[in-house]
Amino acid sequence: MNDSGRRLTRRDWLAAAALASPLARTAAAPAAPAKTLRVAFSFAETGFDPLQVSDLSSLTVCAHIFEPLLSYDYLARPAKLVPLTAAALPEASAGFRRYVFTIRPGIFFADDPAFQGRPRELTAADYVYTFKRFFDPRLHSDNLYLFEAERILGLAELRRKAIAAKTPFPYDTEVEGLRVLDRYRLEILVAAPSPRLPLLFTYAQTGALAREVVDTYGSDLMEHPVGTGPFRLAQWRRGSSIVLVRNPNYREHVFDATTPAGDAHAQATAEALAGKRLPLLDRVEIAVIDEAQPRWLAFNGGALDVLALPAEFAGLAMPGGELAPYLARRGVRARRELDAAVTHTFFNFADATVGGYTPERVALRRAVALAIDNAAEIRLVLHDQAIPAQSLIAPHCYGHDPVLKSELSDASLARANALLDLYGYARAGDGQPRSMPDGSALVLRLAATPDQRSRRRNELWQKRLASIGVRVDFETAPFGELIKRAVAGKLMIWGYTWSAGAPDGDFFLGMGYGPNANQSNDARFSLPAYDRLYERQRVLPDGPERLALMREAERLMLAYMPYIARHFPVVTDLVQPRVRGYLRHPFVNDTWRYTDIADTEASS
């Protein structure tokens, strides 16, 4: 997603640390090599305060340092909720309005000077403090809306008072909806039924922070992550390299998972990890390599242990969808599966050209959707590493309809031209660009990142839109800058990939919920009928009634077209033969917890 224009050469990897032998007397015995996993990020991290980051690189590191209350079974498919630092799944009562979480005793934070040399146990108060941080006006969390949507009693009011009084957020003020019951128990009360509230507490962003650490490091907190997780930060060179090492304070955690029937890869993973204490690695070395070619060359040359295959090299590594023989002979393994994500394009409803709810504006958006040849983009730009999307709800999520077929999912220049003709987007003559119904110029502005893949996509879009008489101009900027402009409502049309944080379609339906404008609703779509459907499905438990409301909301989104759902990404992971246990999970980011390096191989 991020392309800074730098070409990175292969890096000199840090030597593995030797482990001193306790049995050595007159001479040192040969030291066992540290088990080191070598991976690469395709775009740079921003830092390591879970609340203040939203990019996948930073969140992946945070997920291995900080621990939320809950997680998912590593192997079970569909996703199965399990306790992580909690002793069990939460107790729900009062019609899904009250939840009580119990923390497992004996979990400790990694050692840090902030604790003044004393062991620091995780308590319920740490989670209460962590959740309150989302409401601190000084922190400007991108994920505040996730908590606000749950309507935890008293927290929004506490935030409003702090803003009105221009005073620091009162962390020590108890609120009705978020209370410490005792050292290991916390209670959450919400204003309306929230059957899926526990899913929020699987997000890496909700991993527990100790208040002493926040107070000690202040504005430097992003550089000093201290959590209860299996790893801790050892080295960091911004935008270049990150090193994690095993947390010696990590509790006893023996691998346990449900193995799905008929999945040979998952069964092999279960056998490799059975009965082992986690984590199995001593060290993880992460290089930031933002261009696809150097990442591919590094893996092919053995300098990386795991690679999310760039689409550009799918033909080399996976011709016809099968692992290339030269890789298979080396023992490389491949796993190809649909990601829990959707690539979309949004129209800004606040924009005078493409926004609005009148028939002619709906017709324009639908005409653009019909003109775009999604199948050609998947074939020519993505090298078949995706499948066409019929709606926004991603695979692996509750509410995803695998048999849905949208009437706009098949490209048709004839239908697009007919729509524009019918609603007054006239041409001055054959081959001339169209005008708006009021006679003004029709010019679309499509935002894009300055990378080769985006350029190829832009060429396809420009050619197809020209075929229906629509002029398009491109505004190019780095991904981070475009995100800022999208949040500020300054882009007409743009698109990127949203990954699901939990196995439920609520997030994707929330992209059309009016109050989520400036958050996940980049389109600024606001339709009262849709908002009522969204709110009704949120309070229902899973079942036929909720599914019916989700389907109705989905149809409204397809009708008004605030978003074009373009494709669901296919991810292919390549793994070197020395790696054991690595398996992508659609909703778990801390997969290195389960990864091992074969004992017979040196890791440096």
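List of remarks:
- Cα-based shape type of the stretch 419-491, given that a ≥ b ≥ c are square roots of the gyration tensor eigenvalues and the cut on a/c is 1.5: oblate
- All-pairs Cα distance distribution in the stretch 154-201, expressed in whole percent, bin size 10 Å: 21, 45, 30, 4
- Cα lying deepest toward the dipole's positive end in the stretch 467-513, options GLY505, LEU482, GLY495, charges on Cβ: LEU482
- Taking label points 7 Å from Cα along the Cα-to-Cβ direction, ALA428 and ALA376 give a separation of 2.6 nm.
- Compactness relative to 2.2 N^0.38 Å, alpha carbon Rg of the chain: 1.01
- Computed across the stretch 155-294, the Kirkwood hydrodynamic radius from all distinct Cα-Cα pairs reaches 19.8 Å.
- Viscosity 0.890 mPa s, 25 °C: Kirkwood-radius Stokes-Einstein D of the stretch 465-519 over Cα pairs, µm²/s: 179
- Other residues within the sphere of radius under 10 Å centred on the Cβ of ILE493, judged by their own Cβ, net out at 0 (K and R +1, D and E -1).
- Summing Lys and Arg as +1 and Asp and Glu as -1 over all other residues whose Cβ lies under 9 Å from the Cβ of LEU209 gives a net charge of 0.
- Here the Karplus curve 6.51 cos²θ - 1.76 cosθ + 1.60, taken at θ = phi - 60°, turns the phi angles of the stretch 139-155 into couplings of 8, 6, 5, 5, 10, 4, 4, 5, 6, 4, 5, 7, 6, 5, 4, x, 6 Hz, with x standing for Gly and Pro.
- Amide H within-cut-off set for ALA234, under 5 Å, with H built and near neighbours excluded: VAL243, LEU244, VAL245
- The accessible area of TYR203, taken with all protein chains in place and a 1.4 Å probe, comes to roughly 40 Å².
- Think of the stretch 340-401 as having a plus end and a minus end, set by charges on the Cβ of Lys, Arg, Asp and Glu; of ILE372, VAL362, SER391, VAL362 sits farthest toward the positive end of this dipole.
- Built amide H within the under 5 Å cut-off of THR46, gap 5+: SER58
- Using a simple spin-label model with pseudo-atoms 7 Å out from Cα toward Cβ, THR476 and ARG238 lie 2.6 nm apart.
- Sequentially through the stretch 51-60, phi angles give Karplus couplings (6.51, -1.76, 1.60; θ = phi - 60°) of 5, 9, 10, 9, 7, 5, 4, 5, 5, 5 Hz, Gly and Pro residues having no value and appearing as x.
- Separation between Cα centres of the stretch 427-477 and the stretch 379-422, rounded to whole Å: 20
- Cross-link pairs beyond the 27 Å C-alpha cut-off, checked among LYS166/LYS484; LYS80/LYS276; LYS132/LYS166; LYS463/LYS490; LYS80/LYS161: LYS80/LYS161
- Helix-only mean residue ellipticity at 222 nm for the chain, each DSSP H run of n ≥ 4 adding -39500 (n - 2.57), per residue, nearest 500: -7500 deg cm²/dmol
- Relative contact order %, the stretch 365-490, counting alpha carbon pairs below 8 Å whose residues are six or more apart: 26
The values are calculated or read from the model by the stated rules, or taken from the named source; none is laboratory data. Predicted model, so just to flag it, every value in this text is computed and none were measured. Positions of Cβ are backbone-derived with ideal geometry, glycine not excepted, and every protein chain shown enters the neighbour counts. Protein only, heavy atoms only, side chains kept; ligands, DNA and RNA dropped before computing areas. Shrake-Rupley method; radii C 1.70, N 1.55, O 1.52, S 1.80 Å.
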